[in-house]
Amino acid sequence: MKSLRYFLLFILCSFVSNAQNYSVSGTVIDSATAPIEFANVIILNEDESVILKGTSTDDKGGFNIINLEPNTYVIKVSYIGYTEYKQKIVLTGNLDLKTITLQQDTQSLGEVNITVKRPTVKREADRLIFNIENTALVEGNMLQVLKSTPGVLVMGDEITVKNSSPTVYINDRKVQLSSGDLNQLLEGSSANAIKSVEVITNPSAKYDAESGVVLNIVMTKNLITGYRGSINTNVTQGVFPRYNAGTSHFFKNNDISFNVNYNYSNKKINRDGDDTINYLDTSNNLDESWRSFTNRNTWSETHNLNFNFDYFIDDKNTLSLSSNTLYLPYFKYRIGNNTIINDAVGNFSSRFTANNLSRDNKFNIGLDLDYSHDFEKGNLSVNGHYTTYNYERNQAVISDFFDNNNDFINSSAFNTRANQDTQILTGKVDYTLPINENSNFETGLKFSNITTESDLTQFDVDLNTGDETIDPLNSDIFDYDERIFAGYMNYSNSSEDYNLSVGLRVEQTNLEGQSPLTNIENTQDYLELFPNLSFQYNISDAYNVYANYNRSIARPGYANLNPFRFFLNDNYVISGNPELVPTFVDHYTIGASLFDGLLTLESYYKNVDGAISEIPRQNNQTNVIEFRSVNFDKTVEFGFDAYITFYPTEKWSTSFVTSFYNIEEETNFGNGFVTLDQWSNYSELTNSISFLKDDSLNVLLDLVWVGKNIQAFQIVEDRLFSQLVISKTLWNNKASVSLSLSDIFNMHDFDVATQYQNQFNSQFIDIDDRFVRLGFRYSFGNTRLDSNQRSIETEERDRLKESGN
């Protein structure tokens, strides 16, 4: 860290711009000579292709844009209800434009039509871009947007893209939270400032090797000075009501940019389950059938605060401080279970009930310090990151047992206390060099260190006295230390005929996990190369073909390596696996874009070596089912995709995505190899329609079909996901109300079945995803500003996952 501080100090002292800079000033008035406050003033390059600077007028209509180099520019001045002013200027010194008069637009606001010019879905060689501007989705939250993004499936806390877990970024900066905390953040964050979502299936070498698939949420950028703020709230009625409220504030002037967001949520989530475990004898014939009816309720209060502060030292140097804080002071998890046991011919044998009550407390604080310097050609950026994460859980379980006459026999109870403390420290340097107008070179280095200390203590409880006795067989300590050294190079070249990107990332991983009470050690030391290639050939302006390849890694999460056994009741346990090794993925894609992007056809092949999945394994001797993460010997997936976008009218856009794919899984569970394969279909139809003359009423209907498929040697039956969002802007676009309906056809719930060798069980999962949501948002200040909101990054935080189900 001392070396990093010296390096930052050296950078700050060394790179100072000495170029001569000028300013453009003036006063904006209306035809009655009254000053216009909050008019937008922007400076563009001569061909108007790039916005270079921007500001807004003060209460006297004045503006002053500084730090402009001698050149030819275009200045534009605009304000709602007035005709835009535009003028070319040649800057050879400080320029005072005196008075600029805006003329009132003779066409009333109610007659303005907003036409969506870009397709809702656009397919490029390495990514799919889902544009949501001018749709009803912008009035919802970020999680709703991801649910409607083609190819993205959100199930509970899990977000997947074609059976892979993506890494989520906001403005190319990684969101550093566990899957559950990530959903809390996304569901509590407004989508109003989202421009698009990029599903990057072939990330460049600049991305961490664990980023096999990237979801990049692109926010609209701000170049205009001033202040804006907003408040938002929504009420959701599912099985139980949920409440959410938040506020955002943004300020920018010529020297600083500051953005702060706070969100509070209070909710109770319900989940019902109907599980059957068919325990088998040594001949794999039915011995007993255990059917469990389970109700799970989760109460939570969440506070999320994030801010970003940018200090513009000069035109070439920027210093930034970012933070993302999640605090969960109240989390209660209750599981009520009634298990009925029948013999092989269906006669009632016995039953038991289990009541599980857990209370959690956790916080996650991440800090980033960034420095960026622009050379005459090229850019250098330095980042330092620190995360501290603390998690505590107190659990109490009591079970009652009944005989074949349904008479009470006895009870048992145990308590569990679990703690996890994680510290993450990373540093990285990135350098970008434009070689010429068409080509670009990128390189960088990164180091990360992760240390985790966790402990779990289980106590047997005497129900007569309440005394606790430590259960040494189910108590343990786990210490984890991981260090990753990485470097990369990436070259890209674009022309009218082709686009090429080729890169190589190298990562050296050293890790050590120790469980001193059980003498379990896990030491890994490996060096791996991760190449990537993306090539697109443009046959014409309307047609192109492309091919991609990339190699990525999925490291096991810290909780998955933890050998702890966490009991939800006496016969249901979740355990870690210290023998897990990383997963390596080779992904190949070829495709063609036709009719100016309206139709894209694509095929892909993915080979996964050592896929990690948590699977149920029933022990037919002890009648215990254990959920444990394992590495699979072989996983192969291939498929054929089509993306279609068209516009029935100017106000109606439609996109359709479909994928027919096959998954084959193979592994040896100790009794010989098991091989399963299944063809499936994923299809999504999205319709977005604007109504009224000013397009202030928007409707979006999204339907997603997920056919019968394989997930970790389990067969998941058909599902239909549906979402309807209606929004209306009010009060000159300063406010909006929205209404959302989820699971319109009541088909989000699903069946899961496992049947191979001596494994025979099934689950029906009823998720609390059918709801009605009413939202309201009000913006104040200079409401024409766009936010620079972003989240801090560190890939390692994605693997902060707690054990539990």
Inset, instruction - From (1) within 25 Å of the chain's Cα centre (by Cα); (2) over 23 Å from residue 515 (Cα atoms); (3) acidic (Asp, Glu), pick out the condition that doesn't hold for residue 541. - result: (1)
Inset, instruction - Report, by residue number, each residue of the stretch 520-549 that is under 19 Å from residue 581 (Cα atoms) and either out of contact with any strand residue (DSSP E or B) (no Cβ under 8 Å at 6 or more places or on another chain) or open to solvent by 80 Å² or more (accessible area, probe 1.4 Å) (or both). - result: 521, 523, 525, 527, 529
Inset, instruction - Check residue 570 against each of (1) free of Cβ contacts under 8 Å to residues at least 60 places away in the same chain; (2) more than 27 Å from the chain's Cα centre (by Cα) and name the one condition it does not meet. - result: (1)
Inset, instruction - State which residue pairs qualify: first residue under 29 Å from residue 331 (Cβ atoms) and inside the stretch 267-286, second residue outside any strand (DSSP E or B) and among the β-branched types (Val, Ile, Thr) in any location, beta carbons under 6 Å apart, and separation of 6 or more residues or different chains. - result: 270/239
Inset, instruction - Could you run through the stretch 685-713 and say how many residues are more than 15 Å from residue 726 (Cβ to Cβ), assigned to a loop (DSSP other than H, G, I, E, B) and open to solvent by less than 30 Å² (accessible area, probe 1.4 Å)? - result: 3
Legend entry - Exclusive hit being over 29 Å from residue 266 (Cβ atoms), β-branched (Val, Ile, Thr) and open to solvent by less than 60 Å² (accessible area, probe 1.4 Å), set 335, 340, 313: 340
Legend entry - Number of the exception - residue 622 against (1) assigned to a strand (DSSP E or B); (2) open to solvent by 40 Å² or more (accessible area, probe 1.4 Å); (3) under 30 Å from residue 277 (Cα atoms): (1)
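Rundown of residues vs (1) open to solvent by less than 40 Å² (accessible area, probe 1.4 Å); (2) under 30 Å from residue 314 (Cβ atoms); (3) basic (Lys, Arg), yes/no style:
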| residue | (1), (2), (3) |
| --- | --- |
| 226 | yes, yes, no |
| 257 | yes, yes, no |
| 261 | yes, yes, no |
| 266 | no, no, no |
| 271 | no, no, yes |
Inset, instruction - Might you let me know whether the stretch 513-536 holds any residue that is under 27 Å from residue 565 (Cβ atoms), out of contact with any Asp or Glu (no Cβ under 8 Å at 6 or more places or on another chain) and either among the aliphatic types (A, V, I, L, M) or without any contact (Cβ under 8 Å) to a residue 12 or more places away in the chain (or both)? - result: yes
Legend entry - Residue count for the stretch 25-65, restricted to those that are open to solvent by 60 Å² or more (accessible area, probe 1.4 Å), on the phi < 0 side of the Ramachandran plot and of a type in the set (Val, Ile, Thr): 2
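Tell me the residue from 36, 65, 75 that is within 18 Å of residue 253 (Cα to Cα) and of a type in the set (Val, Ile, Thr), please.
None of the other options fit; the residue is 65.
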Inset, instruction - Evaluate the stretch 413-431: report whether one residue or more is open to solvent by 40 Å² or more (accessible area, probe 1.4 Å), closer than 20 Å to residue 515 by Cβ and in contact (Cβ under 8 Å) with a residue 40 or more places away in the chain. - result: yes
Legend entry - strands (runs of 3 or more DSSP E) fully within the stretch 1-57 counting 2 or more residues that are modelled with pLDDT of 80 or more and more than 37 Å from the chain's Cα centre (by Cα): 22-29
Legend entry - Residue match in the stretch 665-685 (condition: in contact with a Pro (Cβ under 9 Å, 6 or more places away or on another chain) and under 26 Å from residue 729 (Cβ atoms)): no
Inset, instruction - Identify the single condition in (1) under 30 Å from residue 367 (Cβ atoms); (2) open to solvent by 40 Å² or more (accessible area, probe 1.4 Å); (3) of a type outside the set (S, T, N, Q) that residue 286 does not satisfy, given that it satisfies every other one. - result: (1)
Inset, instruction - Could you grab me the full set of residues in the stretch 451-494 that are surrounded by 14 or more Cβ atoms within 10 Å (Cβ to Cβ), within 18 Å of residue 563 (Cβ to Cβ) and aliphatic (A, V, I, L, M)? - result: 456, 477
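The values are calculated or read from the model by the stated rules, or taken from the named source; none is laboratory data. Everything quoted here is computed from the prediction, not taken from an experiment. So basically every Cβ, Gly included, is an ideal-geometry build from the backbone, and we count neighbours across all protein chains shown. Surface accessibility is based on the protein's heavy atoms, side chains included, excluding ligands, DNA and RNA. Shrake-Rupley method; radii C 1.70, N 1.55, O 1.52, S 1.80 Å.
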